[in-house]
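Nothing in this text is a laboratory measurement; each read-out follows from the coordinates by a stated rule. In this text the structure is predicted, and so the values were computed from the model without any measurement. For neighbour counting, all protein chains shown are included, and Cβ atoms are generated from backbone atoms with ideal geometry for every residue, glycine included.
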Amino acid sequence: MFVTTLGTGSPMPDPNRAGPATLVQTAGQNLLFDAGRGVLMRCAGAMVAPAMINAMLLTHLHSDHTTDVNDVITTKWINSFVPTPTIIVGPLGTQRFIDRTLATLEDDISYRVHHHADLTWEPLCEVTEVSDGLAYEAEGIKIFAFPTDHAPVHPTVGYRIESEGKVVAIAGDTVPCEGLDRLCKDADLYVQTVIRDDIVKNIPIPRLLDILDYHSSVSQAAQTAAKNNVKTLILTHPVPAPQPGTEGEWIAMAQEHFSGTILLAEDLMRVEA
Ligand SMILES: [Zn+2]
Ligand SMILES: [Zn+2]
């Protein structure tokens with residue numbers, strides 16, 4: 001099983017970090033977790049064309065994680081030669097979100113259906129809403145959803161992928177919680193979005209200070225990894241984006257709590273579980 005951190009950014013535009021998105025490749029499938037800014041550009045960088053995405057799984061409906069859901073749906077649709085549904089999994093509210101996304105695309109859909117004689121169908125989306133339990137199953141792959149805590153954003157989920165004898169946990173934005181512990185128990189790879197609370201709390205901007213109470217800090221991510229016997233911790237969606245040369249600080253902070261392998265994600269970093 002391979003994990004590629006496609007986009008490792010946050011809501012703040014960054015020339016080197018696309019929006020949050022992670023690709024898991026296993027048993028011949030390409031599974032996309034979240035679809036932030038630039039996700040299909042980064043998929044192209046990973047040699048994954050839109051038509052090759054087997055399923056898109058959303059951790060939550062915050063805009064930075066979903067800005068390019070419309071691009072995945074549309075580009076997969078216009079590159080298909082037979083009606084092919086986009087399989088979408090997400091927390092409660094995802095069906096409504098997809099319905100609204102499709103509504104914004106109505107004009108574009110109409111233009112294309114009228115222009116291309118062989119494109120006789122509209123985009124098809126098959127949505128499954130999940131909270132706790134089996135979320136996706138194919139080719140021997142089992143993906144389980146677990147509730148996470150990103151309050152007041154609710155509901156949110158993380159995904160545990162079990163395939164080829166390995167376990168990968170994709171957490172999304174969350175503080176440590178019971179669901180997160182179950183999600184990453186004994187995982188080979190645990191991918192966690194993180195913030196540097198030591199930096200953020202010293203920036204006197206109220207809107208930035210607000211993010212402190214609903215993300216895992218680097219230390220908390222490391223504590224979760226240690227508590228749950230994880231092998232490798234991947235820190236992603238780092239806020240604020242690490243300045244060049246400071247990457248070692250992030251790793252060192254995590255090493256204070258966790259003795260396994262620690263990686264600070266960059267866009268298109270590919271790791272084998
Ligand atoms: Zn969020
Ligand atoms: Zn986020």
Please give the contour-minus-distance gain from residue 138 to residue 121: 0.36 nm per residue of separation, less the Cα-Cα distance, rounded to one decimal in nm. 3.6 nm
Could you give the dipole magnitude of the chain about its Cα centre, charging the beta-carbon of Lys and Arg +1 and that of Asp and Glu -1, in debye to the nearest 20? 220 debye
How high is the relative contact order of the stretch 109-267, in percent, with contacts defined as C-alpha pairs under 8 Å that are six or more residues apart? 16 percent
Excluding residues fewer than 8 places away in the same chain, name every one of the lysines whose C-alpha is closer than 28 Å to that of residue 227. 142, 166, 185, 201
Between the modelled labels at residue 259 and residue 201 (7 Å from Cα along Cα→Cβ) the distance in nm is 2.8 nm
For residue 76, go through the aspartates and glutamates and keep the ones whose alpha-carbon is under 18 Å away, minus same-chain ones fewer than eight residues off. 34, 68, 99, 106, 107, 108, 118, 122, 126
Where does the stretch 160-273 land on the Kirkwood hydrodynamic radius, alpha-carbon pairs, in angstrom? 14.2 Å
From zero outward in steps of 5 Å, how is the percent of C-alpha pairs of the stretch 2-272 spread across the bins? 1, 6, 14, 18, 20, 17, 11, 7, 4, 2, 1, 0, 0
Going highest first, how would you order 117-123, 47-53 by mean Cβ packing within 10 Å? 47-53, 117-123
Please give, to one decimal in nm, the separation of the simple spin-label points placed at residue 128 and residue 249, each 7 Å out from Cα toward the Cβ. 4.3 nm
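Taking Cα pairs under 8 Å and at least six residues apart, what relative contact order does the chain come out at, in percent?
Computed value for the chain: 18 percent relative contact order.
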Asserting the computed 222 nm helical MRE of the chain (DSSP H runs at least 4 long, -39500 (n - 2.57) per run, divided by residue count, to nearest 500) equals -7500 deg cm²/dmol
Among beta bridges that DSSP assigns inside the chain, antiparallel share in %, nearest 5: 55 percent
Could you work out the local net charge near residue 227, counting Lys and Arg as +1, Asp and Glu as -1, over the other residues with Cβ closer than 15 Å to its Cβ? -1
DSSP-defined beta bridges in the stretch 83-232 - what % are antiparallel, rounded to 5: 60 percent
